[in-house]
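Heads up, the thing below is written out as structure tokens.
The values are calculated or read from the model by the stated rules, or taken from the named source; none is laboratory data. The structure displayed is predicted, hence computed values, not measured ones. Cβ placement follows ideal geometry from the backbone for every residue including glycine, while neighbour counts extend to all protein chains displayed. Protein only, heavy atoms only, side chains kept; ligands, DNA and RNA dropped before computing areas. Shrake-Rupley method; radii C 1.70, N 1.55, O 1.52, S 1.80 Å.
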Amino acid sequence: MKPRKVSAAAAAALTLSLAATACGSGGGGSDDGRKLTVGIKFDQPGVGLKTPDGDYEGFDVDVARYVARQLGYAPSDIVFKEAKSADRETLLQRGDVDFVVASYSINDERRKKVDFAGPYFLAHQDVLVRAGDDSIGSPADLNDKKLCSVTGSTSAQNVKTKLAPRAQLQEYGGYSECLTGLENGTIDAVTTDDAILAGYAAQDQFKDKFRLGGFKLSDELYGIGVKKGDTALRNDIDAALRKMVRDSAWKEAVEANFGPAGYRSEPPPGIAAPAG
């Protein structure tokens, strides 16, 4: 058996191992309890991406690996599982994953179903449009435009209910589908968090094709989702996140993943105090 962190982190690791064993082949970990299953996005460049060679990269992936290491898990102990926006709460509730790091904005509705560690990142909702499209210069210009986001995301609904009620909402399974529609003209704008949009715009195949609106439509605080009531795990993840900020690993991960797109992130948000 490999070494584990002592104190609270060791207890959390043991809790995770027991939960994983209970899940068996359901995805929560291997039968011997030595695996940690983490939900991430597979299709968000710069945030969470499964590469063609089967590796994983992005800011959320770096955060997940750092937290896992603080809990006593080596990189080889981590099993990444796709966590689409519409599936994140279900994955946690069923025990298919131990925690979720997937551009997971904290809000009151989600708090009814899961608990959150963090927040560890502050993004802003924005829109991505074609570089040569000058017809969208403000949020109101999205009225009567075809606006795309993914199923389960709150971004497009925020625009439709608060800013552009006549926007024609299109919901797809993944952001890559929205980007394809934007590129071929069947979609006029894609909305989600600016960090996610910047990651897509920085891809080689989309170079100089798109631009960010720069609207800062909302504040989106990313948290790490854990099963409702798992206070011990939440506290240990919070401790790991605070350490990540202190030792500059957080800043290095931001620069490595978002720097190439010229995206300037906000300072790290304050991480919640330990829960009782």
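Restricting attention to the range 58-87 and to residues that are farther than 25 Å from residue 178 by Cβ and small (Gly, Ala, Ser), the residue that is surrounded by the fewest Cβ atoms within 10 Å (Cβ to Cβ) turns out to be 76. Within the range 136-159, residues that are at positive phi have Cβ atoms under 8 Å from residues that are surrounded by fewer than 20 Cβ atoms within 10 Å (Cβ to Cβ) in these pairs: 144/166; 144/168; 152/84; 152/86; 152/87, counting only partners at least 6 apart in sequence or on another chain.
Report yes if residue 117 is open to solvent by less than 10 Å² (accessible area, probe 1.4 Å), farther than 23 Å from residue 210 by Cα and either touching a residue at least 40 places away in the same chain (Cβ under 8 Å) or assigned by the TED database to the domain that holds residue 166 (or both), otherwise no. Break it down stepwise before answering.
On the way: open to solvent by less than 10 Å² (accessible area, probe 1.4 Å): yes; farther than 23 Å from residue 210 by Cα: yes; either touching a residue at least 40 places away in the same chain (Cβ under 8 Å) or assigned by the TED database to the domain that holds residue 166 (or both): yes.
Yes: the conditions hold for residue 117.
Condition test on residue 145, is it farther than 30 Å from residue 98 by Cβ, open to solvent by 50 Å² or more (accessible area, probe 1.4 Å) and either touching a Cys at 6+ places or on another chain (Cβ under 6 Å) or basic (Lys, Arg) (or both)?
No; evaluated as a whole, the condition is false for this residue.
Buried (at least 21 other Cβ atoms within 10 Å of the Cβ), farther than 25 Å from residue 63 by Cβ and either touching a strand residue (DSSP E or B) at 6+ places or on another chain (Cβ under 8 Å) or among the small types (Gly, Ala, Ser) (or both), is that true of residue 156? Spelling it out, residue 156 is indeed buried (at least 21 other Cβ atoms within 10 Å of the Cβ), farther than 25 Å from residue 63 by Cβ and either touching a strand residue (DSSP E or B) at 6+ places or on another chain (Cβ under 8 Å) or among the small types (Gly, Ala, Ser) (or both).
When you go through 229, 223 one by one, which is the residue that is out of contact with any Lys or Arg (no Cβ under 6 Å at 6 or more places or on another chain), of a type in the set (Gly, Ala, Ser) and surrounded by 23 or more Cβ atoms within 10 Å (Cβ to Cβ)?
On the way: 229 fails: surrounded by 23 or more Cβ atoms within 10 Å (Cβ to Cβ).
Being out of contact with any Lys or Arg (no Cβ under 6 Å at 6 or more places or on another chain), of a type in the set (Gly, Ala, Ser) and surrounded by 23 or more Cβ atoms within 10 Å (Cβ to Cβ) holds for just one of 229, 223, which is 223.
Before we move on, is residue 35 buried (at least 20 other Cβ atoms within 10 Å of the Cβ) and among the basic types (Lys, Arg)? Judged against the criteria, residue 35 is a match.
Residue pairs whose Cβ atoms lie under 6 Å apart, separated by 6 or more positions or on different chains, with the first residue in the range 70-97 and closer than 15 Å to residue 230 by Cβ and in the same structural domain as residue 226 (by the TED database) and the second open to solvent by 30 Å² or more (accessible area, probe 1.4 Å) and in a loop (DSSP other than H, G, I, E, B), are 89/113. For residue 55, the stated conditions hold: it is surrounded by fewer than 19 Cβ atoms within 10 Å (Cβ to Cβ), of a type in the set (Asp, Glu) and more than 14 Å from residue 224 (Cβ to Cβ). The set of residues in the range 159-179 that are open to solvent by 20 Å² or more (accessible area, probe 1.4 Å), touching a Phe, Trp or Tyr at 6+ places or on another chain (Cβ under 9 Å) and not aliphatic (A, V, I, L, M) contains only 176.
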